[in-house]
Amino acid sequence: MLVGLSTASVYPQNAEAAFRYAAEIGYDGVELMVWAEPASQSIATVQSYARKYSMPVIAVHAPCLLISQRVWGSDPVAKLERSVRTAEALGASTVVVHPPFRWQRRYAEGFANQVGELEEHGQVIVAVENMFPMRADTLFGRGEGSAKRLERRGGPGLAVTAFSQSYDPTDIGFRHYTLDLSHTATAGTDPLALAGRMGHGLAHLHLADGRGAAHDEHLVPGDGTQPCVELCAALVRSGFSGHAVAEINTQNARTAQDRAAMLHRTLAFARQHLNGMPAAAPTRTDRM
């Protein structure tokens, strides 16, 4: 099973840094997050990174975050198609996309059909990702306190979804899905049950963790409360043939060495629980 590194995992460093970390730590490839950084929007630039670091692009994350609403224009229909064409040009097999926002009415109305048509007329998988609601308890603190509130309630409590029709893509039904273990934590969703609903449509895994805080934490797997080990075991038993991609938050890393250590721990977790083998020791992290 290929284990990739999301370029979002090295933020605020840039996309090239992600390729460098991935190569030197021992990842199998990179998931390109397309956002405001100009390099992430340029096929030629990303191709140059892939050649320089001998690190293939295995997935492309469409620019559908709130902070990337104006990347590649304002039309989400055109942006999703461009994401698929970018994946084709880069040799990536998967495009990760979020469900439409509620205010994107035209996009939402045709979203399922567009996803189906893009897959029907090409080789790239369009894997719709599970998200999470906007929780009211964000107003009372987003950290450990909100995690404890979710645990007591057994769910997110008073919340509203920003997504149409749901933040859970299995409520609508798609051919392929991305399962994100940080998003399940914030949503108070059982990831094992969600993976069961996704079934053989589960094509892509965002490997991370969370404690159930009101914000999206993207912890190193094993540092939160999600059943990451059990989920990985279930995927192995089911014959999962997709990619696992580390999508963790390293913004609080004080040094490049600290960031590299977090990325290495995530890879070691994936190697152990998905591949049954130890990760290679990190090398040359002094240049990162």
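The values are calculated or read from the model by the stated rules, or taken from the named source; none is laboratory data. All values reported here derive from a predicted model rather than from experimental measurement. Cβ coordinates were reconstructed from backbone atoms using ideal geometry, including for glycine residues, and neighbour counts include every protein chain displayed. Surface accessibility is based on the protein's heavy atoms, side chains included, excluding ligands, DNA and RNA. Shrake-Rupley method; radii C 1.70, N 1.55, O 1.52, S 1.80 Å.
May I ask you to list the residues in the stretch 85-106 that are open to solvent by 20 Å² or more (accessible area, probe 1.4 Å) and of a type in the set (Ser, Thr, Tyr)?
Hit for the stretch 85-106 is Ser93, nothing else.
Tally up the residues in the stretch 235-262 that are in a helix (DSSP H, G or I) and either over 21 Å from Leu2 (Cα atoms) or of a type outside the set (Ser, Thr, Tyr) (or both), please.
Going through the stretch 235-262 one residue at a time, the tally reaches 10.
For the condition open to solvent by 10 Å² or more (accessible area, probe 1.4 Å), out of contact with any helix residue (DSSP H, G or I) (no Cβ under 9 Å at 6 or more places or on another chain) and closer than 22 Å to Leu2 by Cα, what is the one hit in Arg82, Arg51?
That would be Arg51, the only listed residue that is open to solvent by 10 Å² or more (accessible area, probe 1.4 Å), out of contact with any helix residue (DSSP H, G or I) (no Cβ under 9 Å at 6 or more places or on another chain) and closer than 22 Å to Leu2 by Cα.
Go through (1) open to solvent by 10 Å² or more (accessible area, probe 1.4 Å); (2) assigned to a helix (DSSP H, G or I) and name the single condition Ala18 misses.
For Ala18, the failing item is (1).
Name every residue in the stretch 35-76 that is within 14 Å of the chain's Cα centre (by Cα), under 20 Å from Ala162 (Cβ atoms) and of a type outside the set (Gly, Ala, Ser), in order of residue number.
Matches in the stretch 35-76: Trp35, His61, Pro63, Cys64, Leu65.
Starting from the stretch 56-70, keep only residues that are closer than 11 Å to Ser40 by Cα, then list their pairs with residues that are of a type in the set (Ser, Thr, Tyr) whose Cβ atoms are within a distance under 6 Å, requiring at least 6 positions of separation or different chains.
Every condition considered, the pairs that remain are Val60/Ser83; Val60/Thr86; Ala62/Ser83.
In the set Ala159, Ala147, Ala187, which member is among the hydrophobic types (A, V, I, L, M, F, W, C), without any contact (Cβ under 8 Å) to a residue 40 or more places away in the chain and more than 21 Å from Val3 (Cβ to Cβ)?
Going through Ala159, Ala147, Ala187 in turn, just one is among the hydrophobic types (A, V, I, L, M, F, W, C), without any contact (Cβ under 8 Å) to a residue 40 or more places away in the chain and more than 21 Å from Val3 (Cβ to Cβ): Ala159.
Considering the stretch 148-194 alone, what residues qualify as being in contact with a strand residue (DSSP E or B) (Cβ under 6 Å, 6 or more places away or on another chain), farther than 23 Å from Asn113 by Cβ and open to solvent by 10 Å² or more (accessible area, probe 1.4 Å)?
Pro156, Ala159, Val160
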